[in-house]
Amino acid sequence: MAFDRRFFLMGAASLGLTACSDPNHQFNREAGIGIDGGSFGNATMHNTMLQSGQISLAEVMTHRFHAEVPSMVNFAFDSARLDEEARSILRMQAHWMRQFPELRYTIYGHTDAVGSAAYNVGLGQRRANAVMSYLVTQRVPRSSIIAVVSRGETQPLIASAGYEPANRRTVTEISGLVRRQTLMDGQYARIIHREYVASATEQHRPE
């Protein structure tokens, strides 16, 4: 699903923590630091739609996740081994995921089209399992990952019947919330409040 960047920026209650190459700095800024790039009343419309169920908190947080951290890691040919670049990306993912215990995730494993379909299903599963295992070593609760799924060669980024490094990947996606059957009024506001308090603690810690 595509998202309009301006639609999801919320002004004073913004989604606006932007991506940062250093994950230790990513959450140490004031909540609402981003400026609403939409038209007048955009933030009110967004909050109304969120509370009325026209859009979900999972959709909002999915937008944030993709804006703030890389969701994909790549692999060498016929390998499920995480190289240092992949581990670095997963550390950023884990740092983000630990900030939001309300959320649940699915990891999808993918391959290129070299080899049989059955073999590639297994390879995609090994890649997804490798990512899950590493995230758990980074203190992401195993219970936060509700599914580890192989797509094999069926969903390439680049259509190719041969060797294609871009297709050898995993993708981490937000799947939903802990309390799926419960409407929590102000649930996104609770996240913003928690971030705001945390940012104040980090920024103003006594020397």
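Quick notes on this structure:
- The residues of the range 99-169 expose, per residue, 46 Å² of accessible area to a 1.4 Å probe.
- Paramagnetic label reach from Ser160 (point 7 Å along Cα→Cβ; backbone nitrogen cut-off under 11 Å): within the range 106-149, residues 112-114.
- Take Leu157: with every protein chain present and a 1.4 Å probe, its accessible area is about 100 Å².
- Normalised alpha carbon radius of gyration of the range 64-183 [divisor 2.2 N^0.38 Å]: 1.06
- By accessible area, using a 1.4 Å probe on protein heavy atoms only, the range 59-119 has 55% of its surface on carbon and sulfur.
The values are calculated or read from the model by the stated rules, or taken from the named source; none is laboratory data. What you are looking at is a predicted structure, and each value in this text was computed from that prediction instead of being measured. Reconstructed Cβ throughout: ideal geometry from the backbone, glycine too, with neighbour counts over all protein chains shown. Surface areas here come from the heavy atoms of the whole protein model, side chains and all, with no ligands, DNA or RNA. Shrake-Rupley method; radii C 1.70, N 1.55, O 1.52, S 1.80 Å.
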